[in-house]
Amino acid sequence: MMQFKQMLAGEDESDFMPIIPINEHESEQDKLLEIPDLLPILPLRNTVLFPGVVLPITVGRDKSIKAVNDAYKKDKLIGVLAQKDAQVEEPGPNDLCNIGTVAKIVKLIKMPDGGTTMIIQGKKRFEMTQMVQEDPYFVAAIRLLEESNDQQDDFPAYISTIKDLATKIIQLSPNIPTEASILLKNIENPSFLIHFVSSNLNSELQEKQTLLETNVLVERAEKLIHILQRELQFAELKDKVASKTRTEIDKQQREYFLQQQLKSIKDELGGDNNDREVAEMRKKGELKKWPESAKQLFQSGIEKLERMHSSTPDYSVVYNHLDLMLSLPWEEYTEDNFDLKQAKKVLDLEHFGMQKIKNRILEYLAVLKLKGDMKSPILCFVGPPGIGKTSLGKSIANAIGRKYVRVSLGGLHDESEIRGHRKTYIGAMPGRILQNIKKANTSNPVMILDEIDKVGKDFRGDPSSALLEVLDPEQNNSFYDNYLELEYDLSKVLFIATANDLQSIQPALRDRLEIIDLSGYAVEEKVEIAKRHLIPRQKEAHGLGKVKLQVPDAVIQKLIESYTRESGVRELDRQLASLMRYHAKEYAMKGKIKSAVRAADLEKMIGPARYSNDIYKTVHMPGVAVGLAWTYVGGDILFIETVLSEGKGDLKLTGNLGNIMKESATTALTYLQANAKKYQIDPELFSKSTAHIHVPEGAVPKDGPSAGVTMLTCLASAFTKRKVKPYLAMTGEITLRGQVLPVGGIKEKVLAAKRAGIKEIILCAQNEKDVKEIDPEFIQNIEFHYVKQMNQVLELALV
């Protein structure tokens with residue numbers, strides 16, 4: 001590109017000032033100029049002086065200053081040669097080009113800093129034949145070069161092409177003044193035009209030197225055209241890039257201008273436009289690591305927010321939505337603790353027993369450690385209240401090093417509580433799942449879905465159906481929340497649901513859960529739990545942490561057997577709290593207490609015993625048998641009473657019994673009638689008597705097939721007048737053929753029998769496998785009888 005701009009050219013510096021053309025007609029005067037054979041030489045770097053061109057130069061070198069001063073005092077003529085290498089500070093004869101230009105010093109100016117500035121005018125080209133002097137400055141013998149001016153017929157076309165190319169370059173170059181094109185049009189001398197354009201080329205020094213060294217003017221013009229064509233292509237490309245950039249900048253300036261206008265309008269309307277908050281939100285969004293879809297939604301939301309005034313109703317809707325997006329831990333995960341031994345130690349420390357669940361968690365950790373990544377299982381802990389299902393979830397979180405959050409689903413009746421509300425509604429909020437993800441600040445917490453069996457269902461929706469997506473490992477990697485309006489990955493969340501009764505869970509939802517049954521605790525387990533966890537906690541809670549107070553195992557066992565009747569340990573915890581309150585009162589009043597609690601003092605401390613096992617040995621009359629029942633709060637003992645009275649062979653059933661239980665009673669009576677002679681019963685007794693079966697605690701609904709053997713036993717006892725063995729309980733379903741079928745809930749029933757002091761239990765032979773799952777230490781004082789036929793039951797049960 002041509003440089004009609006401020007250029008500095010110094011023999012010392014590549015500094016340029018404006019290059020000024022002289023009057024082209026002065027070249028006639030140059031013919032009369034007498035030039036000596038010896039001339040002082042001025043080295044120039046980064047530029048070449050052409051004949052007819054005026055160039056201002058700042059002289060810095062001592063040699064050059066002396067040469068200029070001496071030449072100015074004589075004939076004002078000096079030889080100008082370009083340096084081959086501009087990096088050489090002190091050039092020698094070999095560092096200079098051989099061909100240069102004779103220059104006339106037009107003006108010499110002394111600068112305040114000691115430097116010298118001069119204006120020189122190129123006259124004629126010359127060739128250095130010999131360097132005759134190097135100190136104090138260069139002096140060389142020269143030979144003038146005459147230009148071959150044999151113009152061809154097409155020479156005017158060359159000149160016109162040079163003018164056109166140079167004009168186009170000037171038009172495409174914003175830093176070249178437009179007056180330069182006018183200057184070019186007014187130059188009539190072809191030789192001067194070529195020199196003037198060559199001087200202003202933005203090309204390499206070697207190219208300019210080649211132009212100067214070309215003797216034939218037509219060849220010089222041809223070379224100049226090649227250079228100008230290349231410069232024009234470069235200028236066009238540069239203009240294209242600049243135009244594209246300018247369009248983008250213009251668009252940004254336009255947006256900025258409109259934003260400023262909008263800002264002024266907002267200020268006139270009054271109120272704070274919250275620019276700082278929006279700017280901070282945008283900055284957080286730029287630093288946030290999130291999926292591309294979330295990034296795009298946030299960007300469109302922030303742009304919408306910037307156009308809104310804070311007083312508009314939609315402002316808070318958009319702001320809260322963007323704030324939620326920033327608060328969610330997109331693709332942020334805590335590192336799992338893969339130390340299986342440490343995890344097992346934490347689980348054992350915080351919970352006694354529950355080996356099945358602990359093994360399942362350790363298996364999950366082991367697979368995660370080996371594979372590196374896997375979909376989290378959806379576990380569901382099912383068991384009676386008070387056995388530590390919820391607290392176990394927190395222990396699991398501690399064991400694997402994850403955050404813990406709990407979602408209470410009890411009584412939930414609105415689907416929006418799970419999926420969130422549409423954000424356009426007043427008071428709209430995200431669903432509880434995302435709220436707890438935000439609270440945990442990680443995308444892989446342990447999330448407890450507490451009481452999943454107590455989710456409600458009404459006209460507002462079915463939350464259990466909304467949970468289908470949350471608890472499906474194949475779907476929850478793209479969980480859609482109505483408020484967020486985006487899909488969120490829940491596949492790394494370890495969901496643990498808790499329930500008391502599986503029957504009340506929707507079948508489709510139950511199918512997605514990995515069910516782990518938690519039965520109640522045996523007495524021995526409760527003693528250990530009390531010693532390890534409950535007593536230390538209650539002592540600390542009642543200010544007795546530093547007081548020496550021991551509660552022996554015998555006292556704990558008496559509390560369990562005589563003051564509680566439960567599968568879990570909540571009632572035991574309350575009784576221990578009552579015991580600690582008594583001792584806290586004693587210590588506060590007297591300043592001292594006994595170091596150990598005695599079983600004999602329990603009645604004085606917390607009142608008389610609430611339960612007794614003596615009732616199971618008071619079965620003195622025939623027709624009374626003890627059954628085992630399963631409830632959602634654990635196992636329980638069930639008395640079944642039968643009385644015969646004169647009648648017409650009817651069967652009366654009372655005690656709030658369900659249809660299945662009534663059918664079991666009818667089946668038992670029919671079996672006895674069919675096998676009366678086998679059991680030495682008078683067949684006419686059935687037609688002359690009315691059998692009345694009653695199950696105490698009539699306020700409690702009862703149902704299920706497991707009381708079949710008990711009903712048959714009590715009916716047989718009533719008809720044969722034979723008593724049932726004391727401390728004997730039984731459970732099992734019966735058929736008309738006299739077979740005994742297996743039933744469920746064996747562990748809970750057996751533990752309930754143990755708590756009640758039962759010594760013998762009759763079970764179906766197929767239930768033997770369920771008994772083997774119980775720790776033998778917990779049932780070592782119970783004798784089990786496994787039967788297949790009803791006659792075996794009656795032989796064992798009736799005295």
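The values are calculated or read from the model by the stated rules, or taken from the named source; none is laboratory data. Because the structure is a prediction, the values reported are computed rather than measured. Neighbour counts run over all protein chains shown; Cβ positions are idealised from the backbone, glycine included. These area figures cover heavy atoms from the full protein model, side chains too; ligands, DNA and RNA do not enter into them. Shrake-Rupley method; radii C 1.70, N 1.55, O 1.52, S 1.80 Å.
Label region 105-185 by shape, choosing from rounded, prolate and oblate, from the square roots a ≥ b ≥ c of the eigenvalues of the Cα gyration tensor; if a/c is under 1.5 it is rounded, and otherwise prolate applies when a/b is larger than b/c, oblate when it is not.
On the way: a/c = 3.57, a/b = 1.38, b/c = 2.59.
Oblate is the answer for region 105-185, as a/c is 1.5 or above yet b/c matches or exceeds a/b.
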Original post:
If we count every other residue with Cβ under 14 angstrom of LYS754's Cβ, Lys/Arg +1 and Asp/Glu -1, where does the sum land?
Top reply: -4
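Quick one: net charge of PRO776's neighbours, Cβ under 15 Å, K/R +1, D/E -1? Show your work: numbers first, answer last.
On the way: positive: LYS747, LYS754, LYS769, LYS772; negative: GLU524, GLU525, GLU768, ASP770, GLU773, ASP775, GLU777, GLU783.
So the surrounding residues net to -4.
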**OP:** With all protein chains present, calculate the accessible area of ASP650 using a 1.4 Å probe and round the result to the nearest 10 Å².
**Re:** 90
Subject >> Rounded FRET efficiency, nearest 0.05, which uses the C-beta distance separating THR178 from ARG246 and R0 of 25 Å >> reply: 0.85
**OP:** Would you work out the charge dipole size for the chain about its Cα centre, treating the Cβ of every Lys and Arg as +1 and the Cβ of every Asp and Glu as -1, and quote it to the nearest 20 debye?
**Re:** 5600
Subject >> SER148 accessible area, assembled protein chains, probe 1.4 Å, Å² >> reply: 40
**OP:** For region 675-715, count all C-alpha to C-alpha pairs, find those more than 13 Å apart, and express that count as a whole percent of the total.
**Re:** 68
Subject >> Amide H within-cut-off set for VAL624, under 5 Å, with H built and near neighbours excluded >> reply: THR642, VAL724
Original post:
Viscosity 1.306 mPa s, temperature 10 °C: Stokes-Einstein D of region 523-597 from its Kirkwood Cα radius, in µm² per second?
Top reply: 127
Original post:
For the chain, list the DSSP H helices whose alpha carbon atoms reach 20 Å or more along the long axis and whose average Kyte-Doolittle value is 0.5 or above?
Top reply: 155-172
Original post:
Under a straight-distance cross-link criterion of Cα-Cα below 28 Å, which lysines are reachable from LYS263, leaving out those fewer than 8 residues away in the same chain?
Top reply: LYS251, LYS283, LYS284, LYS288, LYS295, LYS304, LYS423
**OP:** Return, ordered by residue number, the residues of region 495-535 whose backbone nitrogen is under 14 Å from a label point located 7 Å along Cα→Cβ of GLU768.
**Re:** none
**OP:** Return the sequence-ordered ³J(HN,Hα) values of region 685-697 in whole Hz as given by the Karplus equation 6.51 cos²θ - 1.76 cosθ + 1.60 applied to θ = phi - 60°, using x for Gly and Pro.
**Re:** 5, 5, 7, 9, 10, 10, 8, 10, 9, 10, 10, x, 6
**OP:** Please work out which option in (1) 37.4; (2) 26.5; (3) 46.6 gives Kirkwood radius over Cα pairs in Å calculated from these coordinates, and answer with its label.
**Re:** (1)
**OP:** Give me the lysines in straight-line cross-link reach of LYS590: C-alpha distance below 28 Å, same-chain residues under 8 apart excluded.
**Re:** LYS531, LYS539, LYS546, LYS548, LYS558, LYS604
Subject >> THR129 versus SER465: modelled label distance in nm, points set 7 Å from Cα along the beta carbon direction >> reply: 11.1
Original post:
Taking H as built 1.01 Å from N, whose amide H comes closer than 5 Å to the amide H of GLN789, not counting residues under 5 places away?
Top reply: VAL740
**OP:** Any chance you could run the full-extension gain for ASP323 through GLN299? It's 0.36 nm times the residue separation minus the Cα-Cα distance, nm to one decimal.
**Re:** 7.4 nm
Subject >> 5 angstrom amide H check on THR101, placed H, neighbours 5+ away >> reply: VAL80, PHE126
Original post:
Taking the Cα centre of the chain as the origin and placing charges on Cβ (Lys, Arg +1; Asp, Glu -1), which of ILE560, ILE593, ALA718 is farthest toward the positive end of the dipole?
Top reply: ALA718
**OP:** For ARG45, ARG510, give the ranking by accessible area with the largest first, probe 1.4 Å.
**Re:** ARG510, ARG45
Original post:
Roughly how many Å² is the accessible area per residue of the chain, as a whole number, for a 1.4 Å probe?
Top reply: 50
**OP:** Just check region 43-139 against the gyration tensor rule for me: Cα atoms, a ≥ b ≥ c as the square roots of the eigenvalues, rounded for a/c under 1.5, and otherwise prolate or oblate depending on whether a/b exceeds b/c.
**Re:** rounded
Original post:
Among the DSSP beta bridges whose two residues both lie in the chain, what percent are antiparallel, rounded to the nearest 5?
Top reply: 60
**OP:** Would you work out if region 709-799 is rounded, prolate or oblate? Take a ≥ b ≥ c from the square roots of the eigenvalues of the alpha-carbon gyration tensor; rounded if a/c is under 1.5, else prolate when a/b is larger than b/c, oblate otherwise.
**Re:** oblate
Subject >> Residue order for MET589, MET111, MET580 - accessible surface, 1.4 angstrom probe, largest first >> reply: MET589, MET111, MET580
Subject >> Per-residue SASA entry for TYR425, accessible area with 1.4 Å probe, Å² rounded to 10 >> reply: 140
**OP:** Using label points projected 7 Å from each Cα along Cα→Cβ, tell me how many nm separate GLU213 and PHE257, to one decimal.
**Re:** 5.4
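Under a 1.4 angstrom probe, counting protein chains only, how are THR245, THR214 ranked by accessible area, largest first?
Correct descending sequence by accessible area is THR245, THR214.
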Subject >> Net charge contributed by nearby residues that have their C-beta within less than 14 Å of TYR480 (K/R +1, D/E -1) >> reply: -4
Original post:
In region 753-789, which GluC sites (Glu not before Pro) fall in coil by DSSP and have 15 or fewer other Cβ atoms within 10 Å?
Top reply: GLU773
**OP:** Run the quick spin-label model on ARG537 and LYS454: label points 7 Å from Cα toward the beta carbon, then report their separation in nm to one decimal.
**Re:** 1.8
Original post:
Remind me, relative contact order of the chain in percent, using alpha carbon pairs under 8 angstrom and six or more residues apart?
Top reply: 7
Subject >> Efficiency of FRET from Cβ geometry, PHE338 and GLU514, R₀ 25 Å, rounded to 0.05 >> reply: 0.70
**OP:** Give the whole-number value, in cubic angstrom per residue, of the convex hull volume spanned by the C-alpha atoms of region 580-735.
**Re:** 145
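What length, rounded to one decimal in nm, is gained on full extension from ARG406 through to ASP553, with 0.36 nm per residue of separation minus their alpha-carbon distance?
This chain segment gains 49.5 nm when fully extended.
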